[in-house]
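Here is the structure we will look at, set down as structure tokens.
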Amino acid sequence: MHRFPRWAWAPFALGLALLAVPLLGMMARVPWGELPALLTSERALDALTLSLGTCLIATCLVLLLGVPLALVLARSRGWWVSVVRTLVTVPMVLPPVVAGLALLVTFGRRGLIGASLSAWGVEIGFTTIAVVIAQTFVALPFLVTSLEGALKSSGEQYERVASNLGASPSRIFWKVTLPIALPAIASGTALSFARALGEFGATLTFAGSLQGVTRTLPLEIYLLRETDSDLALALSLVLIVVALAIVFVSTKIQNWRRDG
């Protein structure tokens, strides 16, 4: 068994405390007795319904776009691969408000694409569609990066065998690549859903905050933090529980993939 220096316990404990104590402190302030009433209030239900619906749509878009994107990056060679990989990674490190501004000047009423759409009567900015686009924009890289790494480390030899046996690229994808990549896809999808659910800055900048239309859970919590702290804490608890569940499932999938 690998040994580590005893002094590592001190920063270990401090780091753990830094991560755990604020969450425990918040849970201690949650009005547990009033939780059912708080979570069934009109504002809470509007935010929960909107967030769940938009996140599910965004996650489906992430799957439809992210799996082929990761596959092409994992199986291609050339200078352009690094360029595309960099572009895919940028939303992960970009300040959310900057991401929202980029979407606004592109798809907004006077944006690069939005102006043409607006002329045809199609409005994207400050609508529910804008929420979905913002969530997809920030969540897509999480699936692509994790899936690309998994595809590069396994499956290519089986694809070559199938190709030598005469299978078409599409048949190889559906019968060989996809089954092997399913654990990585599931893990990346879970992380993407969690990222979409927690999206705040890009949504606020690009979609605004209109109850029942664009005001997702993070936006509702932000508005309630001073006017109704009990409801803000209740909604925050929902996000924490969902995040813990997703991280737990994602970790189990990754362990299963590694052990398998």
Calculated from backbone phi, Karplus (6.51, -1.76, 1.60) coupling profile of segment 197-207 in Hz, x at Gly/Pro | 5, x, 4, 10, x, 5, 5, 4, 6, 8, 10
So between E226 and A37, what do we pick up on full extension, going 0.36 nm a residue minus the alpha carbon distance?
-> 66.1 nm
In terms of the charge dipole of segment 115-260, which places +1 on Lys and Arg and -1 on Asp and Glu at the beta carbon, the residue among T214, V122, L140 farthest towards the positive end is L140
Just need the relative contact order of segment 1-120 here, percent rounded to a whole number, with Cα pairs under 8 Å and 6+ apart.
-> 6 percent
Å³ per residue enclosed by the Cα convex hull of segment 155-260 | 129 Å³
What nm distance separates the two modelled labels at S116 and W79, each placed 7 Å from Cα along Cα→Cβ?
-> 2.9 nm
What base-10 log of the normalised intensity I(q)/I(0) is obtained for the chain from the Debye formula, alpha carbons as equal point scatterers, at q = 0.07, 0.11, 0.12 Å⁻¹?
-> -0.32, -0.76, -0.88
Hey, if you put +1 on the Cβ of every Lys and Arg and -1 on every Asp and Glu Cβ in the chain, which of L233, V83, G201 ends up farthest toward the positive end of that dipole?
-> V83
Options L69, G100, N255, ranked by Cα towards positive dipole end of segment 37-259, top entry (Cβ charges) | L69
Would you look at the GNM of the chain, springs on alpha carbons closer than 10 Å, and say which of V72, V213, V144 moves the most?
-> V72
Computed about the Cα centre, the charge dipole of segment 37-259 from +1 Lys/Arg and -1 Asp/Glu charges at the Cβ has a magnitude in debye, to the nearest 20, of 920 debye
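So what is the relative contact order for the chain, in percent, with contacts set as C-alpha pairs under 8 Å and at least six apart?
Answer for the chain is 29 percent.
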When you count, for each residue, the other Cβ atoms within 10 Å and take the mean per peptide, how do 191-197, 146-152 rank with the highest first?
-> 191-197, 146-152
Relative to the present Cα-Cα distance, how much length would full extension add between W9 and N255 at 0.36 nm per residue of separation?
-> 86.1 nm
Expected unfolding gain across S168-L65 under the 0.36 nm per residue rule, minus the alpha-carbon gap, is 34.9 nm
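Quick note: the coordinates plus some simple rules give every number you see, no bench work behind them. Just so we're clear, the structure is a prediction, and the values are computed from it rather than from any experiment. Methodologically, a virtual Cβ is constructed for each residue, glycine included, from the backbone with ideal geometry; neighbour enumeration extends over all protein chains shown.
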